[in-house]
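Chemist: Can you read through this structure? Questions will come right after.
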Amino acid sequence: NAGVTQTPKFQVLKTGQSMTLQCAQDMNHNSMYWYRQDPGMGLRLIYYSASEGTTDKGEVPNGYNVSRLNKREFSLRLESAAPSQTSVYFCASMRDFDQPQHFGDGTRLSIL
Amino acid sequence: QKEVEQDPGPLSVPEGAIVSLNCTYSNSAFQYFMWYRQYSRKGPELLMYTYSSGNKEDGRFTAQVDKSSKYISLFIRDSQPSDSATYLCAPIKAAGNKLTFGGGTRVLVKP
């Protein structure tokens, strides 16, 4: 079982460039999430989608946009990348609130 | 003040020792409590999940919740080098759809 798949695994961008991080889950989960993880900061929620067709801001949404393309896919877009967005980005999905979140293995993004 | 606090460590112990990890939270609306384990360069994976105050045991792992003190603990008995990882606590509200993660505690188990 693939679980949660993130692409790409690594990416280097220049300041001002744009890119989209892709995430897909094959567990028929309702909710999907995008986090960033920085040293000493833990996991911080960027955006989430509680169900297909809805998206909501998390703790650190500035500089990002998301699209819940269908039940399986949830993408994260950086319109104009900044060095402060250098981080490891994790996508997760969850069936319901009393169920665990399942995580992908992350996208390591460096912005020069 | 963060809603969920953990000592960042690293916590270094010899193989076979008991590892004790702690987490405090400030929001009394949190009702479900999860512990995730994260290996280097990997995504977090669920280790333990508990709802009620008291202890929950799963093999070498015991999760303890004290809602009155807003205090969560994870104990690892007979620790192994393979337990070396970062441990994240993550409470969630009843009927909520967002986890709130602590910053994680890095654990090193030395052979």
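The values are calculated or read from the model by the stated rules, or taken from the named source; none is laboratory data. Model, not experiment: these values are computed from the prediction. With ideal geometry, Cβ positions are generated from the backbone for all residues, glycine too; neighbour counts draw on all protein chains shown.
Chemist: So the check is Cβ under 8 Å with 6+ separation or different chains; which pairs have a first residue in region A:68-81 that's without any contact (Cβ under 8 Å) to a residue 40 or more places away in the chain and a second one that's buried (at least 20 other Cβ atoms within 10 Å of the Cβ)?
Modeler: A:Arg68/A:Met32; A:Arg68/A:Ser49; A:Arg68/A:Phe74
Chemist: For region B:56-66, indicate whether the set of residues that are within 27 Å of A:Ala2 (Cβ to Cβ) and either in contact with a Lys or Arg (Cβ under 7 Å, 6 or more places away or on another chain) or more than 14 Å from chain A (Cβ to nearest Cβ) (or both) is non-empty.
Modeler: Checked against the condition, which is being within 27 Å of A:Ala2 (Cβ to Cβ) and either in contact with a Lys or Arg (Cβ under 7 Å, 6 or more places away or on another chain) or more than 14 Å from chain A (Cβ to nearest Cβ) (or both), region B:56-66 yields at least one hit.
Chemist: How many residues does region A:79-112 contain that are more than 7 Å from every other protein chain (Cβ to nearest Cβ) and either surrounded by 20 or more Cβ atoms within 10 Å (Cβ to Cβ) or not basic (Lys, Arg) (or both)? Can you show your working first?
Modeler: So in region A:79-112, the residues more than 7 Å from every other protein chain (Cβ to nearest Cβ) come out as A:79-89, A:91-96, A:99, A:102, A:107-112.
Next, from what is left, pick out any that are either surrounded by 20 or more Cβ atoms within 10 Å (Cβ to Cβ) or not basic (Lys, Arg) (or both): A:79-89, A:91-94, A:96, A:99, A:102, A:107, A:109-112.
Residues in region A:79-112 being more than 7 Å from every other protein chain (Cβ to nearest Cβ) and either surrounded by 20 or more Cβ atoms within 10 Å (Cβ to Cβ) or not basic (Lys, Arg) (or both): 23 in total.
Chemist: Shifting gears a bit: Out of (1) among the hydrophobic types (A, V, I, L, M, F, W, C); (2) closer than 24 Å to B:Ser52 by Cβ; (3) surrounded by fewer than 21 Cβ atoms within 10 Å (Cβ to Cβ), what's the single condition that is false for B:Leu108?
Modeler: (2)
Chemist: Among the residues of region A:10-47, what is the count of those that are of a type in the set (S, T, N, Q) and either closer than 16 Å to A:His102 by Cβ or within 11 Å of another protein chain (Cβ to nearest Cβ) (or both)? Steps first, answer last, please.
Modeler: From region A:10-47, those of a type in the set (S, T, N, Q) are A:11, A:15, A:17-18, A:20, A:22, A:25, A:28, A:30-31, A:37; that's our starting set.
Next, from what is left, pick out any that are either closer than 16 Å to A:His102 by Cβ or within 11 Å of another protein chain (Cβ to nearest Cβ) (or both): A:25, A:28, A:30-31, A:37.
Number satisfying all stated conditions: 5.
Chemist: Modelled with pLDDT of 90 or more and not in a strand (DSSP E or B), is that true of B:Lys56?
Modeler: Criteria not met by B:Lys56.
Chemist: Taking region A:1-37 as the search range and keeping residues that are surrounded by 16 or more Cβ atoms within 10 Å (Cβ to Cβ) and aromatic (Phe, Trp, Tyr), which one is nearest to the chain's Cα centre (by Cα)?
Modeler: Residue satisfying both the conditions and the ranking: A:Trp34.
Chemist: Which is within 11 Å of chain A (Cβ to nearest Cβ), surrounded by 13 or more Cβ atoms within 10 Å (Cβ to Cβ) and in contact (Cβ under 8 Å) with a residue 60 or more places away in the chain, of B:Glu45, B:Glu5?
Modeler: B:Glu5
Chemist: Something else about it: Out of all the residues in region B:73-94, is one or more assigned to a strand (DSSP E or B), on the phi > 0 side of the Ramachandran plot and surrounded by fewer than 18 Cβ atoms within 10 Å (Cβ to Cβ)?
Modeler: The answer is no, given that none of the residues of region B:73-94 is assigned to a strand (DSSP E or B), on the phi > 0 side of the Ramachandran plot and surrounded by fewer than 18 Cβ atoms within 10 Å (Cβ to Cβ).
Chemist: Going residue by residue through region A:48-66, is there one that turns out to be in contact (Cβ under 8 Å) with a residue 40 or more places away in the chain and more than 9 Å from chain B (Cβ to nearest Cβ)?
Modeler: Within region A:48-66 (the criterion being in contact (Cβ under 8 Å) with a residue 40 or more places away in the chain and more than 9 Å from chain B (Cβ to nearest Cβ)), the answer is no, since none of the residues qualifies.
Chemist: Could you tell me whether B:Gln38 is surrounded by fewer than 17 Cβ atoms within 10 Å (Cβ to Cβ), in contact (Cβ under 8 Å) with a residue 12 or more places away in the chain and not charged (D, E, K, R)? Working first, answer last.
Modeler: Numbers: surrounded by fewer than 17 Cβ atoms within 10 Å (Cβ to Cβ): no; in contact (Cβ under 8 Å) with a residue 12 or more places away in the chain: yes; not charged (D, E, K, R): yes.
Against the criterion (surrounded by fewer than 17 Cβ atoms within 10 Å (Cβ to Cβ), in contact (Cβ under 8 Å) with a residue 12 or more places away in the chain and not charged (D, E, K, R)), B:Gln38 does not qualify.
Chemist: Among the strands (runs of 3 or more DSSP E) confined wholly to region A:41-104, which include 1 or more residues that are under 27 Å from B:Ser52 (Cα atoms) and touching a Gly at 6+ places or on another chain (Cβ under 9 Å)?
Modeler: A:42-49, A:87-94
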